[in-house]
Structure formats: C-alpha cells, structure tokens
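For reference, the structure is listed below as structure tokens.
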Amino acid sequence: MALLSKKDANLILDPLADNNPITIQVLGICSALAITAELKASVVMAISVLFVLAMGNVVISLMRNIIPSKIRIIVQLIVVAALVIIVDQVLKAYAYELSKTLSVFVGLIITNCIIMGRFEAFALANGPWKSFLDGIGNSLGYGIILIIVGFFRELLGSGTLFGFPVLGNPITKTGLYATGYENNGFMIIPPAALIVVGIIIWIQRSGNRALIEDN
C-alpha cells in the first residue's frame, strides 16, 4: 500500500474487516449461502464479482456526469449486465462444468446488492481511480467471506478441497467394514453456510468492541 495515500488504502482495507459487505453490512448473503458448498465455486464467484464490481465502478464513475438522474438505475443495470455477460461467456468457454455448477448465480450478480450499492453510494460521486479501489476493496471483502465459508463447508461436508481428498478418500465398504471419510451431509446444505457466516460474525465482533458499541 506504499504507493497509495492513507485514504486510498482505506478504500481497500476497510471492507476487508471493519466494513465488510457480508458480515457488517449484511449484503450479498444469498450467494454466500447458495454457492459455497464447493471451494472452487466460491473462488470463481469471488473473482467474477471482483471483475464486475471494479470495472463497473470505473464505468459508472466515468459516466457519472452524463447520466440523467431519472434513468441512473437503468444505466447501472445495463453496465453490470454487460459485464456479467462477459463473465458468463468466459466461464462457458473455459470452465463449462463449473459454469453449470454456478448456474443462475452468475446471472444474479446483476442484482447483487453490493454492486448496485457501490454504484449508488460511491461511483456516482467519485472519480475513476477511487471508484476502482472501492470496487476492489468491497469485492475482496465479499470474496474473502465466500472463500472461508466454502473452505469449511467443502472440507467438513465432503472431506475435500478443490475436489481433492483431504480427510481421507470417500468411504468404501470392504466386507463388513467401512473405511474412509463419510460425507457430512449437513455442511453441504445452505443452512450450514448461514451457521458458518454467523460464527465469522461472532468472532469478528467479539474481537472488535467498536463493532459491538456501534450496535
């Protein structure tokens, strides 16, 4: 961060913890619950949102002085939809199986509250560079939570990480005995993600009294 001013650095650092989009602002919860059963899907979704939010913030910032107030939401939706189409086509071209796993959730990036919120709250009022940093910071804050949740859900739910066995091979029966790791079905259903997110929120707030006092 030596090349950035303190204010610019805070645009990236604040959303990672003290102003995290998921754990503090409680935005983007739906995708955190839906696609985090596999770590790979969590990483890809995090990268996708990083691209869409960072580039979208820059585009909206560049256009902020020419967008009529009455149609700004429509313009924002068009910008984010175009970026999401690019992400979707790249996934279908280079990671087709993963694109099927993510299914409609890539398209739902268009309605992600974090993206539309940053367009409205920041990009429409700031220059392209600050808007880019804001997009990077908020998407990283979102992505970190997705990856943490995906890590624990896949590890404890399937005994794998990125599809590779970590807690032993899947259970196999040999005669009267069973060996290997028996999948924990609870961790791969959406309510488990809510529990993991809740634990992260509890740890984060218990370690920062300012967050408790604010509430």
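Can you give the three extents of the C-alpha atoms in the range 4-112 along their principal axes, from longest to shortest, in whole Å?
Principal-axis extents of the range 4-112 (Cα, largest first): 41, 32, 25 Å.
If you fit an axis through the alpha-carbon atoms of helix 72-94 and take the longest principal axis of the Cα set of the chain, what angle between them do you get, 0 to 90°, nearest 10?
In the chain, helix 72-94 runs at an angle near 40 degrees to the longest axis.
Output the 0 to 90 degree angle, nearest 10, between the alpha-carbon long axis of helix 190-206 and the longest principal axis computed from the alpha carbons of the chain.
60 degrees
So for the range 1-85, averaging the separation of alpha carbon pairs under 8 Å that are six or more residues apart and normalising by length, what relative contact order in percent results?
Computed value for the range 1-85: 18 percent relative contact order.
Compute the acute angle (0 to 90°) between the alpha-carbon long axis of helix 39-63 and the principal axis of greatest extent of the alpha-carbon atoms of the chain; round to the nearest 10°.
Taking Cα atoms only, the helix is inclined about 0 degrees.
Packing-wise, with mean Cβ within 10 Å as the measure, how do 98-104, 128-134, 114-120 rank, highest first?
Numbers: 98-104: 14.9, 128-134: 19.7, 114-120: 21.6.
With the highest mean Cβ count within 10 Å placed first, the list reads 114-120, 128-134, 98-104.
Can you pull the Kirkwood radius for the chain, inverse mean 1/r over Cα pairs, to one decimal in Å?
Evaluated over the chain, this radius sits at 18.6 Å.
Since every read-out is calculated from the coordinates, none of them should be taken as a lab result. Quick caveat, the model's predicted, so the values are computed rather than measured. When we count neighbours, we look across all protein chains shown, and the Cβ atoms used for this are built from the backbone with ideal geometry, even at glycine.
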